[in-house]
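Student: Mind having a look at this structure? Questions to follow.
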Amino acid sequence: MDTYEEKLKRFIESNGITAEHLSFTQSCHSVAEAAAAVGTGPENLVKNICFTDAQGAVIVAIVKGEDRASTSRVSNVLETEQVRTMLPKEILARTGYPSGGIPSFGFSATFLIDSKVMEKDEVYTGGGSATSLVRVSPQALLQANTGQVARVRK
């Protein structure tokens, strides 16, 4: 059976995404750990915050490492109510990736990319596990997930 990282690498390759998958021996679960692993600051990382709405849709808010996603802004952008953060067991079941390793693409969801993310030349996002990351340009990320750019940070 494929690991989460192998599944993501296959998605990147089969979809022609310009991105680099990076594996580490240390944890990349938190923004601070991920920044230390690649030797950069939190402003060069993105977090993928998983939400769901009353209909059970998977919604991913992609924000810079130092920012937080706003439930009310996500609700307003999608014109929906009752948006809530997903639990770790829901995240794995619905995205196919564990919490702490969620990539910014590679599974079925509505992706909302905060406008500040698009200002970067490249960012690091979840690589499918707590010990991997993906280096990608925001433009390639947007193309890979066919997301919507909007302000979703607090």
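The values are calculated or read from the model by the stated rules, or taken from the named source; none is laboratory data. Bear in mind that the values here come from a model prediction, so they are computed numbers and not experimental data. Glycine gets a Cβ as well: all are built from the backbone with ideal geometry, and neighbour counts include every protein chain shown. For the accessible areas, the whole protein counts, side chains as well, though only heavy atoms, and no ligand, DNA or RNA atoms are used. Shrake-Rupley method; radii C 1.70, N 1.55, O 1.52, S 1.80 Å.
Student: Closer than 23 Å to H21 by Cα, open to solvent by 30 Å² or more (accessible area, probe 1.4 Å) and without any contact (Cβ under 8 Å) to a residue 12 or more places away in the chain - does that describe any residue in region 120-129? Break it down into steps so the answer makes sense when it comes.
Tutor: Initial filter on region 120-129 (closer than 23 Å to H21 by Cα): 120-129.
Then drop every residue that is not open to solvent by 30 Å² or more (accessible area, probe 1.4 Å), which leaves 120-122.
Filter again for without any contact (Cβ under 8 Å) to a residue 12 or more places away in the chain, leaving none.
No, because not a single residue in region 120-129 is closer than 23 Å to H21 by Cα, open to solvent by 30 Å² or more (accessible area, probe 1.4 Å) and without any contact (Cβ under 8 Å) to a residue 12 or more places away in the chain.
Student: Continuing with this model, one more query. Considering only residues of region 17-72 that are within 14 Å of S132 (Cα to Cα) and touching a Cys at 6+ places or on another chain (Cβ under 6 Å), which is least open to solvent (accessible area, probe 1.4 Å)?
Tutor: Residue satisfying both the conditions and the ranking: A34.
Student: Could you check, for region 6-16, whether at least one of its residues is within 18 Å of I62 (Cβ to Cβ) and outside any helix (DSSP H, G or I)? Steps first, please.
Tutor: Within region 6-16, the subset within 18 Å of I62 (Cβ to Cβ) is 8, 11-12, 15.
Subset that is outside any helix (DSSP H, G or I): 15.
Yes, the conditions are met somewhere in region 6-16.
Student: Further question on the same structure: Just one of the numbered conditions (1) open to solvent by less than 30 Å² (accessible area, probe 1.4 Å); (2) within 10 Å of the chain's Cα centre (by Cα) is not true of A150; which one?
Tutor: Just one mismatch for A150, condition (2).
Student: Would you say S115 is hydroxyl-bearing (S, T, Y), modelled with pLDDT of 95 or more and open to solvent by 30 Å² or more (accessible area, probe 1.4 Å)? If you could, list the steps in order and put the result at the bottom.
Tutor: On the way: hydroxyl-bearing (S, T, Y): yes; modelled with pLDDT of 95 or more: yes; open to solvent by 30 Å² or more (accessible area, probe 1.4 Å): yes.
Answer is yes for this residue.
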